[in-house]
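One structure below.
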Amino acid sequence: MNDNNPSPVIVTTTLGKSVITSDQQSLTILSEINMNIQAGESVAIVGASGSGKSTLLGLLAGLDSATSGSVELLGHKLEPLDEDARAQLRLGRVGFVYQAFNLMENLNALENVMLPLELDRTVTEIDQRALDALCEVGLEHRLNHKPGQLSGGEQQRVALARAFVTQPEILFADEPTGNLDAATGREIIERLFSLQQQYRTTLVMVTHDDQLAARCDRQLHLAEGRFLEQIAGQQ
Amino acid sequence: MNWFTMIKQQWRQRWRLPEVRLMLLALALSVTAVTAVGFVTDRIIFAMMGQATELQGGDLVLTSARPPDPGYLQKAQSMGLATATVTQFPSMVVASEKLQLAQVKVVSSNYPLKGALKIRSQSTNVSSAVGSGPAVGNAWVDPRLSASLDLLPGNVVELGKNVLNIDAIVTQMPDQGVNAFQFAPVIVINEHDLEATGLLTAASRARFLFLFAGEPETIERYTSWLKAQLKVTERIRTLEDGMPAVQQALERAQGFLGLAALLSVILAGAAIALTSHSLGKREAKSIAILKTLGATQKELLWRLGQSQMLLVAAASLIGIFAGFLIQFLLGFFIRQWIQTELPLPGITPALVGIGTAFIMTLGFSTPFLFRQISTAPMNVLQDRPVKHTVAGRVTILSALGGVYLLMWLQSHDLKLSLIILVATVIAIGLFTLTAIILLRLLKYIARRYRNTRHLLPADNARFILLLVIFGTGFFSLLHLTSLRTDLIQRWSDSLPTNAPNHFLVNIQPEERETFSGFAVNKQISADLYPMTRGRLVAINANSVGPDDYTDDRAKRLLEREFNLSSTARLSNSNKIVAGQWFSADTRSGLSVEEDIAKTLGFGLGDRLQFDIAGQRITEQVTSIRKVRWDSMEPNFFVITAPGLLEDLPKTFITSIYIPTDRHGLIPQLIDEFPGVTVIDISAIMQQVRGMIDKASLAVQSVFSMTLIAGLLVLYAALQSQRRSRQKEIAILKSLGARKRQIRTMLIFEFSILGGLSGLVAAIFSIALSNYLAWFLFEMEPAFNPGLIAFGSVAGAVLVGAAGYLNVRPLLRVPPILLLNQSAR
């Protein structure tokens, strides 16, 4: 859980990512990314398609490795850590909400929410906590439904419950309303912000929705793999 | 765009889909398995048939009690077949004022057409193979005639009015098997010397044989022509007539090879179905998109149909080539091993291969695509769950139809295919049920013990599907393993190294005691069976004769006398299938062999009357026996209760084993018991053993092909679930699961899956093996507890290891990449 003194939970220094294309050329996706995100803060990363938003999110969460620079997540530098150590760091402290929901297709709503708790051997009262989380998103009547039997909005609510059930310090959200209609999208955002406030979770959200971005404490504009502020500064 | 460019373009597009690549691999591998099994079976069966024809002296043998129409020979020659004739009749042979009743065998100059004829001439004491019979003016005698008349090469014999020079001792004749139980010794003469003997008249009891040899197709054409010409006295000799032992070995081998090929096909079918299922899912989106762009169902069907056929063509080409290559290599080793030239395989396996690819695609793959074509595009695009009740049934029916057709293609046996199909369906049902019960049990246990729930399979449907597939696969392989072991064991049991190799007949009742003493003295094991000749004259007080039956075999059985025996002990090669064997105090009743009872139309409880040297005895059938004719023990169609033949004229018969280094025993035996006829069957035994060796090897090689098909299913099944695993691993990793945790989950799930599949498979396999062994191969049932332990452990280890190895690369990929891939 957060403490009351804001301190950076994510720090990046000259972070960069490039890949080798099929014709053996180096393609830079991100470069020179410097940022600080404080505990409890909500930050929107905005930009056009292909600007590198999702790649940045993956790097911040330790789901991917950078090719240059460094990321510090929850006080730990990610570069020296292997994948297992990064996973261990995320366990119970980091939550995710994706555009494509990414629920386990053959687990029901309750089992999906129980999953992160089960992975942590120190957690008790798994069933009750998962049940509470689902009640909080208003799905107490859909516990035994599988993702295929739920609407898009309901699936995203299950994903929210799964993300918040461990009361994480940081929540990464990748276009959380991208697959939903406007009304359902609004409902999900309300729930997301309410939970974020409730648990004082740091929120890092990738979106191209300006209205949604405006609800965050801060917006970082990404274009061609760099922050616009940085581009402006250089010019 | 020309046709070729279109095909090329379409192929390039399709080739990008991983499922298409896997499907091509699965299809090509199944065609490989089917064609290789077909080619190998073809070659080995051809070789075995070849050896069998060697035993009877030709590819086709016509026998008759009257001289057959010489037109038969002319017709055969005009068709390009080689022909030879043999005439046999009993006659007295005189040498140095000694007389002996012998079987005269008159052969044409090109006898034999098939098989080895070996003689020992005066100059050398070693047997050597010769290509034809004795020259005009010469005769050959067998060792028995040579012994009884003190004849040696260089001596002369009188045969009727002719005098012939003994040129050699004949030690092996191709149709010995057929004549093993003709008790008289043999003299072989040239056909041109027959007339001068003046022995053969219209009234003679002679048997005329026409032998034919040539290309299998020509033989087949000629046989059908000949069948239409046959007179009442003429018939075509089949293997069964003369060599039930060989026939049984051949039938068992064919039965097994067919079954092994069938199971390979079922396994390959499972692999195709799995891949098609994934392909159907993958294609759903592109089909939906094409529909939204205005493609009609007909256009889509045409498009998909084309690419399916392209797949069939490619798979067939690759599969047939690989299958041919494998059989070529296998053929090479088999040839080295059995030291026999293997005939080239026919084209049929290649055609079966193409047919297999076609049926598999049509039966297993097309329904999945149909299903996608008929689904409303919005359902697919919005990822809505669609219920395919009717389509699901069609898919199952089509797959079952496909399996049935494939099995028929392999076995050409509708009934056998149906039995296996039903067994497969039952097995699938049983595995599904077990999987469901087991999942519930696992969930129940997991609920009680925290921190175990995550070890449960994440996908119930997938767990059930994989359990059914692995279960069916293991079941097929285990079933085949136990059958193969039984079969080979059974063969080696039926011909142990010390199996009897000499028959002794004509032992007189008064010689019985002295003979037993001799046997004990020489440490030979010999069970004496009384033998009385009698003609069956009535069944249930209704007199019977050859004219009462239309069946040739029945007619022949009634024309000649039966060898009746009497014993209190049922030998190992006999099994009672109905009624009761004689108890210690039974003094009446008959035990009859089941085939003869069937042929002559009588059964348990019927009363049979025999005429034995003018005396009539009437007895009730109290038991029916199944006889293993390949045991090389004296066996009888009819056995009477002990003591029944006591006062009737009889001789005794026995079979003994004489090792090669104790062959000197035979002259001693003949010296001491001059009236006893010794029949050396070691040559036949050797031939039968040779065939059994070939059959065992065929069984082993075909079995290894089935194993490969089994591994293919394992691979296809694991591949088919890789995509969904990928997403699961990505989610678990993003939630903070460590590799070790994921690894434990995967190994646990795969091992449980494999262990359970193996366990259920073993239980089911034991049940079916026993049923089939009894039904198909006439073997005793057996329970094999080791198989259950082996099935469970092997299943757990194999699936645990293979499953984990299959998904291990996914553990190394960064989770963000997995997510990107699975979203694609």
Enumeration of residues in the stretch B:139-166 that are in a loop (DSSP other than H, G, I, E, B) and not polar (S, T, N, Q): B:142, B:149, B:150, B:151, B:152, B:153, B:154, B:160, B:161
Those residues of the stretch B:197-217 which are touching a Phe, Trp or Tyr at 6+ places or on another chain (Cβ under 9 Å), at pLDDT below 80 and assigned to a loop (DSSP other than H, G, I, E, B), in sequence order: B:204, B:205
The stretch A:105-136 - residue that is open to solvent by 70 Å² or more (accessible area, probe 1.4 Å) and in a helix (DSSP H, G or I) and, of those, farthest from the other protein chains (Cβ to nearest Cβ): A:136
Which listed residue is assigned to a helix (DSSP H, G or I), touching a Gly at 6+ places or on another chain (Cβ under 6 Å) and touching a residue at least 60 places away in the same chain (Cβ under 8 Å), from B:757, B:751, B:724: B:757
Subset of the stretch B:279-302 [open to solvent by 10 Å² or more (accessible area, probe 1.4 Å), in contact (Cβ under 8 Å) with a residue 40 or more places away in the chain and within 23 Å of residue B:355 (Cα to Cα)]: B:301
Hey, residue B:422 of a type in the set (A, V, I, L, M, F, W, C), more than 21 Å from residue B:19 (Cβ to Cβ), in contact with a Leu (Cβ under 8 Å, 6 or more places away or on another chain) and modelled with pLDDT of 75 or more or not: no
Enumeration of residues in the stretch B:72-83 that are in contact (Cβ under 8 Å) with a residue 12 or more places away in the chain and exposed (fewer than 15 other Cβ atoms within 10 Å of the Cβ): B:80
Residue in the stretch A:95-104 that is farthest from residue A:193 (Cα to Cα), counting only those that are more than 7 Å from chain B (Cβ to nearest Cβ) and open to solvent by less than 40 Å² (accessible area, probe 1.4 Å): A:103
Unique residue being in contact with a Cys (Cβ under 8 Å, 6 or more places away or on another chain) and open to solvent by less than 10 Å² (accessible area, probe 1.4 Å) when the list is A:160, A:203: A:203
Members of the stretch B:583-622 that are closer than 21 Å to residue B:649 by Cβ and loosely packed, with under 13 Cβ neighbours inside 10 Å: B:587, B:613, B:614, B:615, B:616
Residue among B:803, B:736, B:795, B:791 that alone is closer than 30 Å to residue B:415 by Cα, buried (at least 21 other Cβ atoms within 10 Å of the Cβ) and at pLDDT 75 or above: B:791
All positions within the stretch B:566-582 that are open to solvent by 60 Å² or more (accessible area, probe 1.4 Å) and under 18 Å from residue B:653 (Cβ atoms): B:568, B:569, B:572
Number of positions in the stretch B:716-731 that are open to solvent by less than 10 Å² (accessible area, probe 1.4 Å) and more than 7 Å from chain A (Cβ to nearest Cβ): 7
Residue that is within 12 Å of chain B (Cβ to nearest Cβ) and either closer than 29 Å to residue A:221 by Cα or crowded, with 22+ Cβ neighbours inside 10 Å (or both), where the choices are A:44, A:87, A:48: A:87
Flag for residue A:72 being closer than 19 Å to residue B:727 by Cβ and not in a loop (DSSP other than H, G, I, E, B): no
Scan of the stretch B:395-412 for residues that are modelled with pLDDT of 75 or more and in contact with a helix residue (DSSP H, G or I) (Cβ under 8 Å, 6 or more places away or on another chain), ordered by number: B:398, B:399, B:400, B:401, B:402, B:403, B:404, B:405, B:406, B:407, B:408, B:409
Residue list for the stretch A:58-84, filter: open to solvent by 10 Å² or more (accessible area, probe 1.4 Å), closer than 17 Å to residue A:170 by Cβ and within 11 Å of another protein chain (Cβ to nearest Cβ): A:64
So residue B:375, is it modelled with pLDDT of 75 or more, open to solvent by less than 90 Å² (accessible area, probe 1.4 Å), within 27 Å of residue B:294 (Cα to Cα) and β-branched (Val, Ile, Thr): yes
Entirely in the stretch A:139-219, the helices (runs of 4 or more DSSP H) that have 1 or more residues that are away from every other protein chain (no Cβ under 13 Å) and in contact with a Lys or Arg (Cβ under 8 Å, 6 or more places away or on another chain): A:152-164, A:182-199
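The values are calculated or read from the model by the stated rules, or taken from the named source; none is laboratory data. Given the structure is predicted, the values throughout are model-derived calculations rather than measurements. As a convention, Cβ positions derive from the backbone with ideal geometry for all residues, glycine included, and neighbour counts pool all protein chains shown. SASA here: full protein model, heavy atoms, side chains in, ligands and nucleic acids out. Shrake-Rupley method; radii C 1.70, N 1.55, O 1.52, S 1.80 Å.
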